[in-house]
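Student: Please read through the structure below; I'll follow up with questions.
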């Protein structure tokens, strides 16, 4: 069981400080106290707390002085200030100095205290997680700069587990690497409201820069999920537009073909958007197999790009199949239209991504000019989804 979060209460009024400490302990936190700003800074130096509750008006060193010191020495330490009635200007000054929130004294009940403390601690954890992700990325960047094999290992590590369950679906996937390091990958994420998303991406070009973009995309999506973005943010049209803006903002000078789906099993609906992914993904259900012809501009080309979305009902036998355009380079003979028809036929008769790759004969080619990524999502018994 994890240790309780430790909170330091800095207030020169003994009765207020002791009352707040007791309320925090009832809420499951560990609480310490300090009678003024100087004592508070000494306590923080001895044992850094997870959060500080600090009064603004105190002798020796007031709350604004404490904030000034903490901003320089502990910029990531969350501080919630407490101010009496009529001291709104002090509270504004405190927020400008880096306070995360403020409470009016007397505090209007434990629920108000719990909300302010919980919100600040949640934000602190999110910032810490983002920092851990940035640290991890810096290590990966250094490895990639020196080692293409490390880039290939990274690319494979981004893929979801083959055969994993996502809601009522089974996910299978394949990645057939090219002779050069590239940027094809797929991923999934889950939202607190029970919906879950998936995407298949193909980063243009080869080499370390393309691999770095795959890391960036995965990290950005994970950050958005952790931040608890509004539910409407993950709708395909909004989500793809945000990804496009982020790719342009980071100036990687790479465009990305990406197909995105959002599954709402409570409503049995699949919402999709396409940013330049081709061949068209395949949807099979109710005995029918058809191409999901959704036009859309690749990510990273124009900031003014907009993306349409389309919804499909989910049936008990739904199967979704998508692959990146490298498949055309390794399929034998025929036009793009003929190859697309063969992909649709193979998708209908294959139970897993691995089987689809074998049916299309893709494993026979070892010197591939481009990666081939395949994503398959099947609902129910995958083997029962084969067409005769």
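Student: Of the labelled options [x] 0.99; [y] 1.26; [z] 1.07, which one gives Cα Rg over 2.2 N^0.38 Å as computed for this structure?
Tutor: So the calculated entry is the one marked [y].
Student: Helix 236-249 versus the longest principal axis of the chain: what is the Cα-based angle in degrees, 0 to 90, to the nearest 10?
Tutor: Helix 236-249 sits at roughly 80 degrees to that axis.
Student: Can you tell which of 217, 19, 121 shows the greatest fluctuation in a Gaussian network model of the chain with Cα springs below 10 Å?
Tutor: 19
Student: Sort 323, 54 so that the residue with the fewest other Cβ atoms within 10 Å of its own Cβ comes first and the one with the most comes last.
Tutor: Working: 323 32, 54 26.
Fewest to most other Cβ atoms nearby, the residues stand as 54, 323.
Student: Can I ask one more? For the chain, modelled as a Gaussian network with Cα springs under 10 Å, which listed residue fluctuates most, 282, 343, 44?
Tutor: Highest fluctuation among the options: 44.
Student: For helix 14-26, report the angle its Cα long axis makes with the longest principal axis of the Cα atoms of the chain; keep it between 0 and 90° and round to the nearest 10°.
Tutor: 30 degrees
Student: In the Gaussian network model of the chain, springs joining C-alpha atoms below 10 Å, which of 93, 349, 168 carries the largest mean-square fluctuation?
Tutor: Looking only at 93, 349, 168, the biggest GNM fluctuation is shown by 93.
Student: Can you sort 136, 319, 254 so the residue with the fewest Cβ neighbours within 10 Å comes first? Before the final figure, lay out the partial values.
Tutor: Details: 136 12, 319 25, 254 20.
Exposure proxy ranking, most exposed first: 136, 254, 319.
Student: Then there is this: Return one number: the angle in degrees, 0 to 90 and rounded to the nearest 10, between the long axis of the Cα atoms of helix 37-46 and the longest principal axis of the Cα atoms of the chain.
Tutor: The helix 37-46 is inclined about 50 degrees to the chain.
Student: Here is a further query. Compute the separation of the alpha-carbon centres of segment 321-367 and segment 233-260 and state it in Å as a whole number.
Tutor: 27 Å
Student: Kindly work out what percent of the DSSP beta bridges joining two residues of the chain are antiparallel, to the nearest 5.
Tutor: Numbers: 51 of 69 bridges.
Just about 75 percent of them are antiparallel.
Student: Distance between Cα centroids, segment 267-286 to segment 62-121: provide it in whole Å.
Tutor: What the calculation gives is 48 Å, centre to centre.
Values quoted throughout were computed directly from the atomic coordinates according to the rules given, and no laboratory measurement underlies them. None of these values were measured; they are calculated from a predicted model. Methodologically, a virtual Cβ is constructed for each residue, glycine included, from the backbone with ideal geometry; neighbour enumeration extends over all protein chains shown.
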